[in-house]
Amino acid sequence: MTLTKPPSKSNSSKKKASVAESATTDGFTSVTPMPDAATWQSLRKKIEARRQRNPATKLFGDDALDGQVYLWGLASLLNGPVDPLSQQLATLATADSIQIPLTDTDLIPAAEMFLEASRDGRSDLAGDVGCVLWASSLPALTSILPLELWWNLLAELQRRVASTLAHDESDSPHHLLLAGELGLTLAYRLADIPSCVARAKPSASAIQAYLDHEDTIDEALRTPDALRATMASIIRCEELMRVVTKRKFKKSHQATAEELAAWIAATSRVDGSQVLTQTTSRDVALDHVGLVSRASKATKKKKKSTSKATKPANPIAPAGLMGRAMKYDTDSLLPAFSASLGQSQSGGRLAWEISLPESMWHSDVAGMVAMLPEWDVRRGRTFIDYSDKVMQIEIMGGRRTLFRGPLHTSIELDGVCQDPKGDWQATCEYTDDDIHYLELEQSFTGGVVLQRQFMVIRDDRCVMISDTVLPAQFEPNQDAASAHTEANSNQPTDSASPFGSLADVRIRCITRYPVSDAVSAMPDEQTREVYLHDNKRRAMMLPLPAAEWRIGPTDCTAEPSNLENEPHSVIVTTEGTGAVYSPVWIDFQSRRFHRKRTWRTLTVADDLQLIPRNIATGFRIQIGSEQWMLYRSLVGRRPRSVLGKHLVADFFAGRFHPGDGGVEELVTVDDAPPN
C-alpha cells in the first residue's frame, strides 16, 4: 500500500490529534503518513490504555497465558520446535505488562527482516501466522520499535489484508489467516486507528466465506502440516468476531470446524504430535497441554497422599488446542481425541464407540488418507499422503510408528529405469466393518502404470500393501474373448511402449518401505520374513511372491537396506515378464509372532488350464490356525478358479476356513463396466 498525503485543510489546527485517513482503490481506508511526535505520543497512550483494559486473557481466557493461544499448531507447521521469535511475539501479545527493555535489539532487526522479506511476494502459511503474531503484538511494540518502523509494519500488515481480500480464493487457508484473522486482529488491537477499525466487517465476512465454502476442508488438507494452525486460527477468529463485530458462528461454520477437528484427531499420534511430520511430543505440548479428566480434579485432591495413581473411568479431556477444538461436538470429538492420545480405558474396544466419527478418512482432492482399524490407537493406524509423485506413509503398530517416510518404487524394463510421469490418482475405495481398502495408480514412462493397493484388515491387525506393474494401454474391461486369447497366449501388449509388446520384457519392481528411525528391521535366518522391533518384536513382513525358504531360487526378495547413504528401509524386489504383482503382508498382532506360519503362491486355473503369474495370481497366508487368501487378475475379466474359489474379479481377499474349505469374503474389486 502506498502511503499518500491527505489534502490540506484551512482549519488544520482543529484536526484531532490522531491518525487521519484517506480512501484507497481497495475500498477501505488507508493509514496516512506517519504522525508527528506529539500525535504519536497521544496515540501510544490510547493504545496502551486499551491494551490494559482488554488483556488477551479477557478474550481467550487461560489459553492466552504465556502466549499459547497464538502458538497452537505452529510446531507442526514448522515441522519442529517453535522458533524463539514467534515465542517472543506471542508472549508480547498476551502479556499483562511489558517487561522487555525498550532498547531491545532482537525485535528491531526482526521487524526489519520481516519488511524486507515482504518485498519478495506473498509468504507461506508459516509466514501468515507470523503476520498474525506481529499484528497481535503491535500494541506492546509501540514501546519497543521506533515510530517509523512500527508504522511501516502496520502499513505492510494492512496491505496484506487488502491484497488477500482482493485476490485470494475464499477457500484458501491464506484467506482465513490474512483476509480474516489478520484484519480482525488489527481491528481489535488497534481500535484507536480508524483504518484498522474499517477492516473489521470485511474480515469477518471473509472468515464466514471461508467456513461456508464447500472445498474448505480439502484445501486445508493440501497442507496437512497446517491443519492445527488452521484450526487455531478458526478458534481465535470465533472469539474475535464475537467481540469486534458481534457476529457468531452459524451451525454450518461449526460443522466445518467439527470436521477439521475430526481430521486433527484422526491424524494425531499417541504422544499428541502430528503424523507425517518430524515433530515430537515436546514440540507440540501446547496443542494438548494439561490432560484433565472431567471427574479427576476432585479425585486428585482426595488422593494426594497415595503414591499409586488410579486411572479415571471417564474419557480424559485434552486441553489446549485439542480441548478447544473438541467443543464443536464434544459427544463425538472428546472420545476421538481421548482415543487418539491413548487415554481411553476400554480394554480393546471403546465403550463409547457409537459416538465416534468414521474410522476411514480420505480426501482425494488433497491426496490425504487416514485408515484407523478403530479409534483406539492401540489397534494401529495407517496414513497416506499421495499429493506428490513420491508417496509418503506412516504406519503404526499399536502406539509405535514402525514405517514413516517416502514409499518409493523404481521400475526397470529390461534393465532400463523408468520415471513417474504423472500424479497419483485414487481409482478404488471401500470401507466396512472388516476392512479399509484403497487403490491408487500412477503413470510411468516405458508405457507402464504402477498400481498400489492398501488393505487394512481391521480385526486381524494386518495390513497388505502391493505394487502392480501393468501395460498402460491395457483395458481391464475388455471383452471375454480378447482376455481369453491373451490369457492363453501370454501376450499383454502396449503400443505406447518404446519396448513394443511388453510380453517378453523383463520387469523389475523395487519398492522401498521406509522404516522408522527408532525401529530395526531384521531378516529371519531361514525364511524370507523380515521382523520389525525396538525393545521387542512389533511386526513381521511376509513378501508373498517370494519363495518362503532362503534356500533355492526366487523371483522376489525382501532385505533391509545396509548402505550408509541409503535411507533406513526394507527393500522388496520382484521380477517378472509382461506384468508384475508384488504384495507384502504385514502382521502387527503380537500373539501370532511365535506361531507356526507359512505362505504359498496358489495356482490359478482358467478354462481347465493353469495360467502364469503375469495373467493372474493368488496367495495363501497361514499363521497358526488363521488363514487368508488373495487373488489378483492382471489381464482380463475371466471366470477363474483359485483354492476352490470361482471368481470373476480384479481383486479378491478373504479368510480361509480349512475345516470346511470355505472362504469368508473380505472384499471383492470388480472392474466390470456398469450396466
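The values are calculated or read from the model by the stated rules, or taken from the named source; none is laboratory data. Because the structure is a prediction, the values reported are computed rather than measured. When we count neighbours, we look across all protein chains shown, and the Cβ atoms used for this are built from the backbone with ideal geometry, even at glycine. For the accessible areas, the whole protein counts, side chains as well, though only heavy atoms, and no ligand, DNA or RNA atoms are used. Shrake-Rupley method; radii C 1.70, N 1.55, O 1.52, S 1.80 Å.
Side notes on the structure shown:
- By accessible area, using a 1.4 Å probe on protein heavy atoms only, region 37-247 has 50% of its surface on carbon and sulfur.
- When a 1.4 Å probe is rolled over the protein heavy atoms, the share of accessible surface on region 378-480 that falls to carbon and sulfur comes to 40 percent.
- The residue list Ala616, Leu630, Thr598 was ranked by how far each Cα lies along the charge dipole of region 593-675 toward its positive end, using unit charges on Cβ atoms, and Thr598 comes out on top.
- Each of Trp151, Ala117, Ala49 was scored by the projection of its Cα onto the charge dipole of region 37-247, and the greatest displacement toward the positive side belongs to Ala49; charges sit on the C-beta of Lys, Arg, Asp and Glu.
- Region 237-279 - charge dipole about Cα centre, Lys and Arg +1 at Cβ, Asp and Glu -1, debye rounded to 20: 360 debye
- Bins of 10 Å, starting at 0 and running to the largest distance - Cα pair percent for region 37-247: 8, 37, 40, 13, 1, 0
- Here's the picture: charge each Lys and Arg Cβ at +1 and each Asp and Glu Cβ at -1 in region 37-247, and of Thr230, Val69, Leu59 the one pushed furthest to the positive end of that dipole is Leu59.
- The HN-Hα couplings worked out from phi for region 406-412 by the Karplus form 6.51 cos²θ - 1.76 cosθ + 1.60 (θ = phi - 60°) are x, 8, 9, 10, 9, 10, 10 Hz, whole numbers, x standing for Gly and Pro.
- Dipole size of region 107-227 about its Cα centre, with +1 on Lys/Arg Cβ and -1 on Asp/Glu Cβ: approximately 540 debye, rounded to the nearest 20.
- Euclidean distance between Cα centres, region 578-614 to region 435-453, Å: 19 Å
- Electrostatic tally near Glu394: other residues with Cβ closer than 10 Å to its Cβ, Lys and Arg +1, Asp and Glu -1, net +2.
- FRET efficiency estimate (nearest 0.05) - Cβ-Cβ, Ser443 to Ser163, R0 41 angstrom: 0.60
- Taking every protein chain into account, the accessible area of region 382-435 amounts to 44 square angstrom per residue (probe 1.4 Å).
- Each of Val243 and Thr57 was given a label point 7 Å from its Cα along the Cα-to-Cβ line. The distance between the two points is 1.4 nm.
- Solvent exposure of region 37-247, expressed per residue, is 37 Å² of accessible area, with all protein chains present and a 1.4 angstrom probe.
- Counting only the Cα atoms, region 566-668 fills a convex hull of 132 Å³ per residue.
- Couplings 3J(HN,Hα) of region 635-648, computed from phi: 9, x, 10, 10, x, 10, 10, 8, 6, x, 9, 9, 10, 10 Hz, in residue order, whole Hz [Karplus 6.51 cos²θ - 1.76 cosθ + 1.60, θ = phi - 60°; x for Gly and Pro].
- Working note: Karplus 6.51/-1.76/1.60 with θ = phi - 60° gives region 204-219 the couplings 4, 5, 5, 5, 5, 5, 4, 6, 7, 5, 6, 9, 4, 5, 4, 5 Hz, where Gly and Pro are set to x.
- Averaged per residue, region 527-675 has 43 square angstrom of accessible surface, using a 1.4 angstrom probe with ligands and nucleic acids left out.
- Unsatisfied cross-links (Cα-Cα over 28 Å) in the set Lys45/Lys248; Lys46/Lys201; Lys389/Lys645: Lys45/Lys248; Lys389/Lys645
- Accessible heavy-atom area order of Arg50, Arg538, highest first, probe of 1.4 Å: Arg50, Arg538
- Under a model in which nothing but the beta-carbon of Lys, Arg (+1) and Asp, Glu (-1) is charged, region 37-247 shows a dipole of about 1100 debye around its Cα centre.
- Amide H contacts under 5 Å for Arg638, placed H, 5+ residues apart: Ala649
- Using a probe radius of 1.4 angstrom, the carbon and sulfur fraction of the accessible surface of region 501-654 is 50%.
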